[in-house]
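The structure under discussion appears below in the form of structure tokens.
Read-outs: derived from the displayed coordinates by stated rules, not from any lab. Remember, it's a predicted structure, so these values are computed and weren't measured experimentally. Ideal geometry is used to build each Cβ from the backbone, glycine not excepted, and the neighbour counts take in all protein chains shown.
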């Protein structure tokens, strides 16, 4: 009989120790909520940094695409920039000035390469601003040698010290750099 009582006691103790109390659960939830509340601002800054580098890398890739299309199809291809409420459009249709990404529907329709509309707007990268040192607000690729005119810089900036610059050279080369060495890019 004593043996049965000790077996029942261990069974009751195991059953009693198997669960989590409501107070323990609430303490864990409060601690988790504090960690989440402290971590959200740092996640926002990570997203902001990625938007700046994402905008610069998107332009870099689009300039490479425009150069390749120019050479492949043996036509001039231009990339037009608008820094006020920034956007850029790529076109292979003359007159290149008709590709105004912030303009009317008809001017946006001329921002196309091989019949496909090609416009990138600031809505894709919220919180990122763009500045350009290009005269005329566009670059044009020559299909014979893949050269581009004019050379210059397009800079993307975030809210803080984030800045990534896309530099274009006459020979058709495009380079990413940062005046402050931001995000591991070489200094300009």
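Could you give log10 I(q)/I(0) at q = 0.18 Å⁻¹ for segment 119-177, computed by the Debye formula over C-alpha point scatterers of equal weight, without solvent?
-0.69
Highest mean first, what order results for 48-60, 25-37, 77-89 on Cβ atoms within 10 Å?
77-89, 48-60, 25-37
So between residue 173 and residue 22, what do we pick up on full extension, going 0.36 nm a residue minus the alpha carbon distance?
My answer for the length gained is 48.0 nm.
Provide the gained length on full extension for the span residue 74 to residue 161, in nm with one decimal, where the gain is 0.36 nm per separating residue minus the Cα-Cα distance.
The span from residue 74 to residue 161 would gain 27.2 nm if fully extended.
How big is the Cα convex hull of segment 43-184 in projection, averaged over all directions, in nm²?
Taking a quarter of the hull surface, the average projection is 8.2 nm².
Sorting 101, 111, 177 on the 10 Å Cβ count, fewest up front, what's the list?
Ranking 101, 111, 177 by Cβ neighbours within 10 Å, fewest first, gives 177, 101, 111.
Hey, quick one: spin label on residue 50, modelled 7 Å out along Cα-Cβ, who in segment 143-187 has an amide N within reach, i.e. under 19 Å?
It comes to 157-164, 182-185, nothing else.
Kindly put 168, 121 in sequence by how many other C-beta atoms sit within 10 Å of each C-beta, fewest to most.
Starting with the residue having the fewest Cβ neighbours, the order is 121, 168.
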